[in-house]
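Down below is the structure, laid out as C-alpha cells.
Any read-out appearing in this document is the output of simple, stated calculations on the displayed coordinates, not a laboratory observation. This one's a predicted model, so the numbers in the text were calculated from it and none came from an experiment. Because the Cβ atoms are built from the backbone with ideal geometry, glycine has one as well, and the counts that use them run over all protein chains shown.
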Amino acid sequence: MGLLSNKNKEVLLGPLSANNPVVVQMLGICSALAVTSKLEPAIVMGISVTAVVAFANVIISLLRNTIPNRIRIIVQLVVCAALVTIVSEVLKAFAYDVNKQLSVFVGLIITNCILMGRLEAFALGNGPWESFLDGIGNGLGYALILVIVGFFRELLGSGTLLGFQVIPQAFYDLGYVNNGLVILPPMALIFIAVIIWVHRIKNKELQEN
Amino acid sequence: MNRDSNVYTVVYASVMVILVAVLLAFTSQSLRSYQKANEDNDKRQQILRSINVSVPANEAEAKYNELIKDAFLININGEKVGDAQAAFTGGQDGEFPVFVANVDGQTKYIMAMNGAGLWGPLWGYISVDSDKNTVFGTDFSHAGETPGLGAEITKPAFSSQFAGKQIFKNGEFKSIAVVKPGKSAAGQDYVDGISGGTITSQGVSNMLFDSLKGYEKFLTSKE
C-alpha cells in the first residue's frame, strides 16, 4: 500500500467536496458563522482546526489499541484540549492580533463537532497515516468553506481583502456603499446556504428528496 | 493486559494527565517571553490611542518611547510612589499610574482606568491637557463584552466623544457621565452611551468616576 493509494486519496480529498464537514455533514457551523466576517481570522481558524484535527487524529490513532474503552471520550477530549491549548499559546505568541479577533473561538475548537467526529469515527479504527490524511482533509474541507465565506463577507461588508482596500474609491464616489448586514452572523448562514445550494447542484447524488 | 480493568483505567488516566500537564507547562514557559512582548506592545498601543495616536504593534515601542516622556505611580494623596517601570506594570491597590506624554510640544497626562462591564472587566486610558481638567483622548478595552453592542466602546465612534469634556466643574470633581443617547446629566459633562449596551455604558461611567476619583489629588495639585 503506497503512501497515497487510491483509498488514501479518497480519505484526503473526499472531505473537500463530496463529504465536506460543513456543507454535507453540517458540522462546525457555529464557528463558521462567528469567525468569517474577515478573511484573515477565517484563514487562521482554518489552519488551526486543520492542525488540531490532524495531530489529534494521529495521537488517538497511535493510542487506539491502549485506550481503555470506558474513558475513551475523555482521552479524546484531553488530547484535543491539550492541542488546542498549544495552538492558542502559539497564536498568542506569534499572531496576537488575530488571536484577539478569534477570542473564545480558539478555545472552542475543542467543542467543534468535526474534531470529536473524526476521532470517534475514523482515528479509533485506522492507522496513523490514514488518520493524519483524514484530519488534513477534513480540516481543509472546513477551512475551504470558511475562506469562501470570509472572502465574500469581507469583500461585500468592508470592501477589503486581508485588510487591503480592493473596491476602488471611484465606486464609493458613484454611491456604492459597503453592506453592513454582511458583517453580521446571520448573513454568514445565508452564504453557507448558497454554497450548499451550488454544491448540491453540482453533486446530484447529495440531493435529498 | 485487560484494558477494561479498573486499575488499568485509573493508571492510564493518571499517566495521561501528568504527561499533558508537563507538556502544557513546557509550552507555556517557552512561549512566555514572546507573549509578554505582545502584551506589552498591546498596552503601549492602548496608551498611545488615548492620546489619539494609532500605530501598528511593531511600531508601538518606538512611538511609545518617542512620545511618553515620563511615567510614575502616585498614591491617593497625589505623591509619587513608583518609577516608570512600576507605572507600566500597574502597581498595587491604591497606587495609580500616570504617563506624561508630549504631543506637539504640549504636555498630556495619561491615567489608567479599571472597572467592570456586563460580562467581565473593562479598562482603558484617558488623557487630559496640561490644565489637568480637559480630556484630550480616551481608549477603552474589554475582556468579553457583547460584540456589536457593549464591545462598541472600543470603537473611535464612542471614545472620540470624550475629547474636550471636563472632569471638574467649578473646581469640584464631577467625572464624565455616560448616559442613554438623548438623555443628559445635570451639573457634569456627559457623552452618549451605546444603544443596546446599557450595562457596559454604565460600567464605563462608573469606571470613569471610580478611577478618576483616585487621581483627584493629583489632578488638583498645581505642579
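Summing -39500 (n - 2.57) over the DSSP H runs of n ≥ 4 in the protein assembly as shown and dividing by its residue number, what mean residue ellipticity at 222 nm do you reach, to the nearest 500 deg cm²/dmol? So the calculated ellipticity at 222 nm is -16500 deg cm²/dmol. Label positions at residue B:86 and residue B:15, each projected 7 Å from the Cα along the C-beta direction, are separated by 5.2 nm.
Only Lys, Arg, Asp and Glu carry charge here, each on its Cβ (+1 for the first two, -1 for the last two); on that basis chain A has a dipole of about 360 debye about its Cα centre. For segment B:46-220, the relative contact order works out to 20 percent when only alpha carbon pairs closer than 8 Å and six or more residues apart are counted. Taking the Kirkwood radius as Rh and the Cα radius of gyration as Rg, the protein assembly as shown has a ratio of Rg/Rh equal to 1.06.
Once the chain from residue A:197 to residue A:94 is taken as fully extended at 0.36 nm per residue, the excess over their C-alpha distance is 33.3 nm.
Expressed as an acute angle from 0 to 90° and rounded to the nearest 10, what is the orientation of the C-alpha long axis of helix B:6-49 relative to the principal long axis of chain B? For B:6-49 against chain B, the angle is about 20 degrees. Measuring from centroid to centroid over Cα atoms, what is the spacing of segment A:126-190 and segment B:59-93 in Å? Distance between centres, Cα-based: 42 Å. Take each residue in B:147-160, count the other chain C-beta atoms within 10 Å of its C-beta, and the mean is 1.
The ellipsoid that matches the Cα gyration tensor of chain B has semi-axes, each √(5λ) in whole angstrom, of 40, 23, 16, with the longest given first. If you run the Gaussian network model on chain A, springs between alpha carbon atoms under 10 Å, then out of A:163, A:14, A:141 the most flexible one is A:163. Expressed in units of 2.2 N^0.38 Å, where N is the residue count, the Cα radius of gyration of segment A:46-160 is 1.15.
The orientation-averaged projected area of the convex hull spanned by the Cα atoms of segment A:29-96 comes to 5.3 nm². Ranking A:94, A:19, A:146 by how far each Cα lies toward the positive end of the dipole of the protein assembly as shown (charges on Cβ) leaves A:19 at the top.
To the nearest ten degrees, helix B:198-214 and the longest principal axis of the Cα atoms of chain B are 70 degrees apart. The residue list A:176, B:58, B:23 was ranked by how far each Cα lies along the charge dipole of the protein assembly as shown toward its positive end, using unit charges on Cβ atoms, and B:23 comes out on top.
Here is the P(r) of segment A:144-209: all C-alpha pair distances, binned every 5 Å from 0, give 4, 16, 21, 19, 15, 12, 7, 4, 2, 0 in whole percents.
Could you pull out the pairs from B:63/B:174; A:38/A:204; B:69/B:165; A:9/A:202 whose alpha carbons sit more than 29 Å apart here?
Numbers: B:63/B:174 33 Å; A:38/A:204 31 Å; B:69/B:165 24 Å; A:9/A:202 21 Å.
From B:63/B:174; A:38/A:204; B:69/B:165; A:9/A:202, over 29 Å: B:63/B:174; A:38/A:204.
Of all the options A:50, A:66, A:85, the one that moves most in a Gaussian network model of chain A with Cα springs shorter than 10 angstrom is A:66. Given +1 at the Cβ of Lys and Arg, -1 at the Cβ of Asp and Glu and no other charges, the dipole of the protein assembly as shown around its Cα centre is 840 debye to the nearest 20.
Size of chain A: Rg and Dmax of its alpha carbons, in Å, are 18.6, 66. At 4 °C and 1.567 mPa s, grab the translational diffusion coefficient of segment B:170-223 from Stokes-Einstein with a Kirkwood Rh over Cα pairs, rounded to a whole number in µm² per second. Here the translational diffusion coefficient equals 108 µm²/s.
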